[in-house]
Each structure stands twice: as C-alpha cells, then as structure tokens.
Amino acid sequence: MGVTASTVRVGKRYRHHRLDRDYDAIVIGSGIGGLTSAACLAKMGKKVCVLEQHYTAGGFTHTYERNGYEWDVGVHYIGDVGNKKTTSRRLFDYITDGELKWSAMDHTFDRIFIGKETFNLNSGRAAYRQGLIDAFPDEESAIDEYLKRMRSLKGAVQTHTLQKILPTWLNYIVDLFTKNKRPASFEQTTREVLEEITDNQMLIALMTSQWGDCGMPPGESSFVIHSLIAQHYMNGGYYPNGGAAEIAKKIIPIIQSAGGDVFTYASVEKIMTNKNRANGVLMSDGNIIKAPAIISNAGVFNTFTKLLDDTLPQVDDYQKKLTQVKPSMGSICLYIGIKDTADNLKLPKTNFWIYPNEHYEQVCDQFKSDTQYNENITLPMVYISFPSAKDPDFSRRYPGRATIEIVAPCRHEWFAEWKHQPWGNRGADYESLKEALSQRLLKELYKKLPQLNEKIDYYELSTTLSTDFFCRYSQGEIYGIDHDPKRFKQSWLKPKTTINGLYLTGQDVVTCGVVGAMMAGLITSVKIGKLQGLKLAKTIFFPSADS
C-alpha cells in the first residue's frame with residue numbers, strides 16, 4: 001500500500017531571522033503546559049518565544065494526517081469542560097479567549113470490558129454513582145464510601161498544588177497547620193484505599209478501570225491521581241470541535257497578541273547559564289536566544305540530564321532527586337482509517353477499556369517480566385477510541401471517512417534494538433513486529449465491533465520509538481514521571497527551580513494529562529508573573545460571583 005502524507009501543521013517554522021530578540025521568556029516545548037504558560041504570560045503583556053522541535057506545535061495535543069485521514073495522538077477525551085464554571089473550563093476559555101468549543105460524548109462515556117463482564121461509566125455524578133450501584137447492588141455502602149474518600153482529598157490536593165508556588169519558609173508554616181488534617185489516603189496506593197472499603201475484586205476493578213489514564217494499575221498508583229482522574233470524568237467526556245489540533249491553534253494567537261510566537265523545527269540543544277542563572281538557549285543551528293526567564297516543558301529527566309551543564313552544582317542535586325522518580329509507561333497506538341462515515345459504521349462516542357480479567361496487578365507483573373515480545377504475552381489493557389465519531393466537524397473536513405485509535409501498554413525493550421535506526425526506515429524486522437502487534441489490536445477491535453471486519457482501508461502503528469522521535473521521551477513514556485505515592489512527596493517538583501531564571505512546567509509539575517499539564521502551565525506563569533500572577537490565580541481559582 002502506498003503512503004502519502006500531509007501534516008496538520010500548527011506554528012511557524014523556525015528561522016533565525018524570524019526571531020525577535022527582545023523576549024521576556026522562552027518556553028522549551030509546545031505541549032499544553034508550555035502553551036498555557038506562554039498564553040498566561042502573554043495576557044500579562046509578556047513577549048514569549050515557544051520553541052518546538054517537532055514539525056507541529058501542541059505536544060500530545062497535536063494531530064497528524066496521512067492517506068486522507070486525521071488522528072489525535074493524545075487527546076482522547078477531556079473532562080470538566082461542559083460547565084463554564086469549572087476551573088478546567090475557565091482556564092481553557094482564558095487561554096483561548098473562549099474560542100475553543102467542545103462536544104459531549106455519549107452519556108456512557110467509558111464502556112468497561114473485564115473478562116466476560118461489561119460495565120458502563122455514565123455522565124453526571126448521580127448517574128455515575130447509580131451505574132456502580134446497579135452493577136453491584138449489594139455494595140452501595142462501599143460505593144458511597146469510595147465516593148466520599150475521593151471528595152475528602154479535594155482540600156489536600158488544592159493545598160498540595162498551592163504549595164508549589166509558595167516560598168519555602170511559608171510552606172513550612174502550611175505544613176505545620178495541615179499535616180495532621182491531610183487524609184491518610186493522600187499517601188496510600190489506590191488499592192490500599194479500596195481494600196479498606198470492599199473485598200469485591202470485580203468492583204475494585206470497575207472503580208479503577210481508567211487506570212490507563214495515568215499508566216499505573218491500582219496497586220501502584222497513588223489514590224491522589226486515581227481520585228483526580230475519576231472525578232475529572234464524572235460529569236462526562238468531551239472532545240474539541242475540529243479535533244485536538246484546535247487546542248494549539250486557538251492558543252497561539254493569544255501568545256502572538258503580545259508579540260510572542262510559537263516556532264516549530266526549533267530544536268534546543270542546551271539551556272545557557274551565566275553565574276548560576278539561566279539566561280538563554282542554544283539552538284541546534286548554533287544560534288543563541290536570550291531571555292530573563294527560561295521555562296522547560298521538556299520533562300524533568302530531559303531538563304536535568306540533557307539540557308543543562310553538569311558542572312552546575314544545582315544540576316548534581318537535581319540528578320540525585322531524579323532517583324526518587326521514574327518514567328511512566330510506554331504505549332503502542334494503532335491508527336485506523338475507514339472509507340465510510342462514523343454514522344454508517346455505528347461507531348460510538350464512547351471509549352472502550354478492555355481487560356483480560358479483574359486481577360490487574362497480576363497481569364501487569366507478568367507483562368513486565370518479558371523484555372522481548374512474543375505472541376503469548378497478555379496485554380494488560382486495550383483502549384479503543386473513535387475520534388471521528390466524537391468530533392462533529394470531522395465529516396466536513398474528511399467526508400466519507402472515519403477513524404479509530406487503539407492504545408495498549410508496551411515494553412520499550414521490545415523496540416530498543418532499532419532505536420538508532422532512522423525514523424520511517426527501521427528495517428523489515430521492525431515492520432514485522434509492528435504488523436504482528438497491529439493484527440493483535442485489530443483482533444480486539446473486531447471482537448467488539450464485528451461489523452468493521454474487512455472494512456479497514458489503512459492502518460499504521462506507533463511505538464515508543466515514535467514517542468521518543470517526536471516528543472523526546474527516551475523511554476516512550478506518555479505520562480512524564482510515574483504517579484505513585486512517592487511522587488507526591490517530591491517537594492522539588494514545582495515551577496521555580498534552584499537555578500535562578502529557570503522554571504519547570506508540564507506533566508511532571510502537577511499531574512499527568514492535558515488538564516494536569518495545563519494547570520502546571522498556569523502555576524508556572526503565576527510564579528513568574530508575581531503580583532499579576534496572583535491576580536490571574538484569583539481569576540481562575542476564585543472567580544467573583546458575577547464573573
């Protein structure tokens with residue numbers, strides 16, 4: 001099958017002569033955290049230069065087109081944007097001037113397949129609760145206790161986030177007054193909390209069936225991240241009208257309005273420092289761009305092991321801290337195109353989560369023990385998304401077409417031997433492995449939607465090497481660093497670093513996911529903006545009654 005490609009390109013191609021030398025801040029990486037930081041600073045009148053090494057801006061919110069189809073690469077659904085009064089929606093509206101529009105998914109936004117059992121997660125807190133009770137009528141008290149424990153974390157999570165922008169001395173005072181008020185569940189794994197509530201393993205499996213949204217099964221994940229994800233989607237899933245690329249498209253004009261810009265093909269080699277202060281970046285073409293504030297949206301591992309001079313004493317300290325965290329899971333994703341409409345094919349606006357059984361940790365442990373792929377490996381999870389069904393504008397842009405995406409965890413070691421081969425030309429053995437994995441994922445699709453058998457027009461598989469090539473996550477990690485309880489004890493994961501002028505943003509600062517990274521972008525800009533930043537924080541977190 002011949003392959004033709006065109007790209008959904010967002011941003012301006014980097015050329016040295018296109019730069020304006022008078023920048024107030026430079027952002028490395030155009031993921032949602034970096035774009036949010038830049039847009040918020042632009043609203044404060046700051047001129048920001050965003051540098052993206054990829055051919056299009058957006059990070060995991062970008063889309064790509066091939067053979068007449070378009071797919072998102074990470075925005076499968078967003079929660080808490082249906083109501084304009086939610087913090088997530090207020091921030092999206094703020095950084096896009098309200099230009100980004102949303103469409104609701106089906107009332108059942110997630111359908112869960114566990115072994116031979118099928119369950120639905122429904123939109124609306126009352127409907128969500130009732131769906132759990134309908135599936136497990138004898139567990140009503142346990143279900144209510146589960147919902148109560150998630151709600152009880154709200155204050156602790158808000159305080160935890162606030163402490164990321166407070167001075168160190170003030171954090172000591174906050175800790176003094178709050179440490180005994182923080183729920184025990186803040187420091188527990190998800191399974192530890194749920195085992196205190198019920199011994200029904202199938203119910204626990206259903207409650208934790210979205211664990212793919214953080215990449216850790218309940219025995220490993222922090223109950224904090226589980227709670228944030230579950231509550232984030234309780235009022236339903238939403239998808240951006242026009243596709244995921246609309247997020248960056250609507251943010252970039254805000255950055256440009258203050259004189260800034262977003263450049264693609266703009267590879268940063270080093271963060272420049274002078275007298276222990278970050279003051280610029282060295283580009284791959286040898287040019288240096290200066291600014292008083294440097295914001296890294298490249299992840300903590302890239303920032304402190306690749307972008308900074310090892311001779312800085314602070315770098316050695318950060319590299320020691322990196323031993324306390326580890327990269328999150330890698331994944332494969334099968335992108336599928338069909339020459340027919342989502343309506344004709346009866347594709348749902350519902351995500352499918354497919355698990356072999358309710359014993360998530362056992363399956364994951366077996367999966368992790370095999371560093372070489374073989375056909376007998378049990379995939380811990382398979383996730384199926386239907387972007388063309390979710391996006392009401394898709395049929396206008398791609399008439400008579402439909403798209404599907406299938407995601408599954410993988411081991412980076414399966415593909416490591418081809419790491420140094422060029423993208424798009426890694427050889428027959430690599431393509432053979434990809435084809436075997438593709439067929440395995442297609443088989444899962446046909447089990448759930450048999451009407452699609454023999455309908456597929458085009459498909460291609462991305463691996464952890466694709467993630468490394470396009471997003472520079474060397475292990476193919478899609479959620480930054482892992483979200484275990486230990487991660488939430490790392491006080492150094494905050495916007496301001498100990499290197500003057502250097503700031504962090506993105507998934508590693510607050511939590512994973514689009515909204516988690518976006519919130520990191522907000523607090524990074526708040527920290528840089530000082531008084532203006534505090535006014536912004538009030539606007540987003542504590543709006544007036546008439547706003």
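The values are calculated or read from the model by the stated rules, or taken from the named source; none is laboratory data. What you see is a predicted model; the values in this text were computed from it and never measured. FYI the Cβ positions are ideal-geometry reconstructions off the backbone, even for glycines, and counts take in every protein chain you see.
Among Leu153, Leu147, which is the only one that is surrounded by 13 or more Cβ atoms within 10 Å (Cβ to Cβ), closer than 30 Å to Thr118 by Cα and either in contact (Cβ under 8 Å) with a residue 40 or more places away in the chain or among the charged types (D, E, K, R) (or both)?
Just a single option satisfies the conditions, and that option is Leu153.
Tell me which of these Thr36 doesn't satisfy, since it passes every other one: (1) of a type in the set (S, T, N, Q); (2) more than 27 Å from Met105 (Cβ to Cβ); (3) surrounded by 23 or more Cβ atoms within 10 Å (Cβ to Cβ).
Only one criterion in (1) of a type in the set (S, T, N, Q); (2) more than 27 Å from Met105 (Cβ to Cβ); (3) surrounded by 23 or more Cβ atoms within 10 Å (Cβ to Cβ) is unmet by Thr36, namely (2).
Test each condition in (1) part of a helix (DSSP H, G or I); (2) farther than 23 Å from Thr378 by Cα for Gln439 and report the one that comes out false.
(2)
Specify which of the listed residues (Lys535, Lys448, Lys455) is at pLDDT below 95 and more than 24 Å from the chain's Cα centre (by Cα).
Working: Lys448 fails: at pLDDT below 95; Lys455 fails: at pLDDT below 95.
When all the criteria are applied, what remains is Lys535.
Please enumerate the residues belonging to the stretch 366-396 that are assigned to a loop (DSSP other than H, G, I, E, B), over 22 Å from Tyr459 (Cα atoms) and hydrophobic (A, V, I, L, M, F, W, C).
Ile377
If only one of Tyr128, Tyr172 is hydroxyl-bearing (Ser, Thr, Tyr), exposed (fewer than 15 other Cβ atoms within 10 Å of the Cβ) and assigned to a helix (DSSP H, G or I), which one is it?
Tyr172
Here are the criteria: (1) at pLDDT 95 or above; (2) farther than 26 Å from Glu477 by Cβ; (3) assigned by TED's automatic domain parsing to the domain that holds Arg13; (4) out of contact with any Lys or Arg (no Cβ under 8 Å at 6 or more places or on another chain). Tell me which single one Gly236 does not satisfy.
Here Gly236 meets the rest and fails (3).
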